[in-house]
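What follows is calculated from the coordinates using simple rules that are stated; it is not laboratory data. Bear in mind that the values here come from a model prediction, so they are computed numbers and not experimental data. Here the Cβ is made from the backbone with ideal geometry for all residues, glycine too, and neighbour counts use every protein chain on show.
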Amino acid sequence: MSTTSFTPRVFSGIQPSGGLTLGNYLGAIKRFVDMQGSDFETIYCMVDLHAITVWQDPEQLVHATRELCAGFIASGIDPEQSILFNQSQVAEHTQLAWIFNCVARMGWLNRMTQFKDKAGKNRENASVGLFAYPALMAADILIYHATHVPVGEDQKQHLELTRDIAIKFNNDFGVDFFPVTEPVIEGAATRVMSLRDGSKKMSKSDPSDMSRINLTDDADAIAQKIRKAKTDPEPLPETFEGLSERPEARNLVNIYAALADTTPQAVVAEFAGQQFGQFKPRLAEVAVEKLTPISTEMSRLMADPAEIDRILATGSGRAREIAAPILKKTYEIVGMVGA
Ligand code: TRP
């Protein structure tokens, strides 16, 4: 079965579990903005219920959810054009997740590398929620019959699992009800790496603030972090392939390309033979030009949290209008007696 008989609909989510980085912006939010106004209906979610699979301080969770909403809007998500909301306000996600807990197999979830990474050595002490996380993620997507999901490389395995759940549900009940969702993974900087270590993803949880650019950083901080970013003594090569063994250099080229809306190949062609001492100030310029308007707009929005809460409530209402009939139909298929 394919997705052809379903309304083209995009769903994606980001966890409100700390500050927003350049990685979130280039790898996710910027692409969400690009899909808005295309042939898709677009639904974007702050997945607070996913965030609490590891401990979150309640006050910080409230702040992070609002800040993420501000980040979405400041980056160009229009809350009228897209449906923008937080997961916990639409109970259908968790209701469908329970059904999917009963469809997904222990063996499938045991293979999830993100669980292994996040649980670490002490797996006995990980929350049950962290283990069941991918079934909730499948529910986030399928409660809207979403056909396309833009995500980073690291979420590919969870998307595969979402497809497996949809297929097994359809088979088990002899229906053609859930679409087999397509992952959308593309773009030069889908995976933005740490500025200190080109083999690690840029992360809000890295102990070094110099490893990342935060969406709330001012122009001086951005320029300083790029100036100090780790590189190597070689100049930029003639072709992009010349960067294959140079992860830090490649990361900076990818970031430049994504910020300037061009390709890494074009960036390498433009700067071929130049030293990183020349390239970095140019990168800093592009980064400051693109990112400071976002941080300014985020601060403006964060000054009025009540307005953010209103936007999330309205978005949740619109989300529920799509989700409620799909849950009702699911319950009927499964054999739940209801009115
Ligand atoms: N698991 C995703 C992440 O950690 C967040 C997420 C939750 C998500 N539900 C989703 C992404 C549904 C896409 C679709 O980044």
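A cut-off of 5 Å between modelled amide H atoms, ignoring neighbours fewer than 5 places along the same chain, links ILE83 with THR42, ILE43, TYR44.
Computed from Cα positions, the angle between helix 305-334 and the longest principal axis of the chain comes to roughly 40 degrees. For the stretch 209-300, the alpha carbon positions stretch 43, 24, 19 Å along the principal axes, listed from largest to smallest. Altogether, the Stokes-Einstein calculation at 4 °C and 1.567 mPa s, with the Kirkwood radius of the chain over Cα pairs as Rh, returns a diffusion coefficient of 61 µm²/s. Comparing mean-square fluctuations of GLY317, GLY120, GLY13 from a GNM of the chain with C-alpha springs under 10 Å, the top value falls on GLY120. Taking other C-beta atoms within 10 Å as the exposure proxy, CYS102, CYS69 rank CYS102, CYS69 from fewest upward.
Count neighbours as other Cβ atoms within 10 Å of each site's Cβ, and list the chymotrypsin sites (Phe, Trp or Tyr not before Pro) in the stretch 126-206 that are DSSP loop with at most 13 such neighbours.
Details: sites: PHE131, TYR144, PHE169, PHE173, PHE177; in loops: TYR144, PHE177.
Loop-located and lightly packed - none at all.
Over the chain, dividing the summed -39,500 (n - 2.57) contributions of all DSSP H runs of at least 4 residues by the number of residues returns a 222 nm mean residue ellipticity of -16000 deg cm²/dmol. Annotation for the stretch 28-98: GluC sites (Glu not before Pro) lying in DSSP loop with at most 12 further Cβ atoms inside 10 Å of their Cβ are GLU80.
Would you mind classifying the stretch 42-133 by shape? Square roots of the alpha carbon gyration tensor eigenvalues, ordered a ≥ b ≥ c; an a/c under 1.5 is rounded, otherwise it is prolate if a/b is larger than b/c and oblate if not. Before the final figure, lay out the partial values.
Details: a/c = 2.32, a/b = 1.61, b/c = 1.44.
Because a/c hits 1.5 or more and a/b exceeds b/c, the stretch 42-133 counts as prolate.
Taking only the alpha carbons of the stretch 87-152, we obtain Rg and Dmax values of 12.7, 36 Å in that order.
Between amide H atoms placed 1.01 Å from N, distances below 5 Å from GLY13 occur with CYS45, all of them 5 or more places distant or on a separate chain. Counted by neighbouring Cβ atoms within 10 Å, the residues PHE6, PHE85, PHE72 run from fewest to most as PHE6, PHE85, PHE72.
Calculate how many DSSP beta bridges within the chain are antiparallel, expressed in % of all such bridges and rounded to the nearest 5. Don't skip to the answer; put the middle values down first.
On the way: 2 of 16 bridges.
Percentage antiparallel, nearest 5: 10.
Over all pairs of different C-alpha atoms in the stretch 4-43, the reciprocal of the mean inverse distance, the Kirkwood hydrodynamic radius, equals 11.4 Å.
Rank the residues ILE77, ILE165 as a footprinting-exposure proxy: fewest other Cβ atoms within 10 Å of their Cβ go first. Mind showing how you got there, number by number?
Details: ILE77 19, ILE165 27.
With the sparsest Cβ surroundings first, the list reads ILE77, ILE165.
Each Cα pair under 8 Å and six or more residues apart adds its sequence gap; the mean of these over the residue count of the chain is a relative contact order of 24 percent.
Under 5 Å between amide hydrogens, built in the peptide plane, is the criterion, and for THR21 it picks out LEU215 among residues at least 5 positions away or on other chains. In angstrom, the C-alpha Rg and Dmax of the stretch 1-157 are 15.6, 45.
Across the stretch 209-300, Cα pairs under 8 Å and at least six residues apart give a relative contact order of 39 percent.
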